[in-house]
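Report on one structure; see the data block that follows.
Nothing in this text is a laboratory measurement; each read-out follows from the coordinates by a stated rule. In this text, all values refer to a predicted model and were calculated from it rather than measured experimentally. Note: ideal-geometry Cβ built from the backbone for every residue, glycine included; neighbour counts use all protein chains shown.
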Amino acid sequence: MTSPQARRPIVAANWKMNTGPDDGAKLARAVAAQGLPFARVDVVLCPPATGLAAVAATVRSTPVAVGAQHVYWEASGAYTGEISVPMLAGLATYAIAGHSERRQLFGETDLDVQRKTLAILAGGLTPIVAVGESLDQRDAGQTLDVLRSQVTLVFEALSPDETSASVIAYEPVWAIGTGRNATPEQAQEAIGWIRDTVAEVQGSTAADQVRIQYGGSVSPDNCDELLSRDGIDGALVGGASLDAAAFAAIVRAAAP
């Protein structure tokens, strides 16, 4: 069994619909200059699509990795406004699939997330697969069922090796951008359920090796308590990642 200490933590910044190419490059440069513990933590910046090239060029000589916020599962074609995985060649090494805002605001389904995850892997990138329940679902006691359904539909389509190489982000929808984060106990419990589900679908080895982040109003004020919990392998950071010093504090909290 892989111990939590053996899984390398990963902290990803999701800048959402913020920063253009110049602002993104400036922020990326500030993050790279923070003296982060790169030997112990993977650090990923996910700018908007218009800033991918500028951010990638800025961090190319640093250990900072770049990720896309969104991809389409087709390689090319008449899909106006979409970005395919092959179009990210040389720009990104990660891509987010299934972020709660994509699910809630743009109607993305679990099947869409599965297709995107398969495309990301086929293109040689690492998927960050986001899953999580709404407030109504949590209040109704449905969190476990929702997580099991979301995780199963995506990861049953993968191989054990592809599962091990992926990243999962647990994002309770009610904690995204609300300032209301899950308690460390809630986050640890939900991530334990996710890992158990991966074990049911792909076996214990893949479940032990897959990295599972927490995402949802992570800040310098709560990161120490959240990221010190066994089984939480880093964070997917939204608003706080737009400040280089705040994001650096979260990265340091994730370092074992």
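Only residues in segment 32-46 that are closer than 21 Å to residue 125 by Cα and touching a residue at least 24 places away in the same chain (Cβ under 8 Å) count as the first member; pair them with residues that are among the polar types (S, T, N, Q) and not in a loop (DSSP other than H, G, I, E, B), Cβ under 6 angstrom, at least 6 apart or cross-chain, and list the lot. Short answer, once both residue conditions are applied: 46/14. For segment 82-104, the count of residues that are over 18 Å from the mean Cα position of the chain (by Cα), of a type in the set (Val, Ile, Thr), crowded, with 22+ Cβ neighbours inside 10 Å and over 19 Å from residue 238 (Cα atoms) is zero. Considered as a group, the residues in segment 204-256 that are over 21 Å from residue 126 (Cα atoms) and β-branched (Val, Ile, Thr) include one that is farthest from the chain's Cα centre (by Cα), and that residue is 250. When restricted to residues that are of a type in the set (Asp, Glu) and either buried (at least 18 other Cβ atoms within 10 Å of the Cβ) or closer than 15 Å to residue 168 by Cα (or both), segment 113-153 contains 1.
Listed here are the residues, each with its yes/no results for (1) touching a Cys at 6+ places or on another chain (Cβ under 7 Å); (2) under 20 Å from residue 165 (Cβ atoms); (3) not acidic (Asp, Glu).
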| site | (1), (2), (3) |
| --- | --- |
| 72 | no, no, yes |
| 87 | no, no, yes |
| 106 | no, no, yes |
| 112 | no, no, no |
| 124 | no, yes, yes |
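Each residue in segment 1-31 was checked for being in a helix (DSSP H, G or I), free of Cβ contacts under 8 Å to residues at least 12 places away in the same chain and under 13 Å from residue 211 (Cα atoms), and 1 of them qualify.
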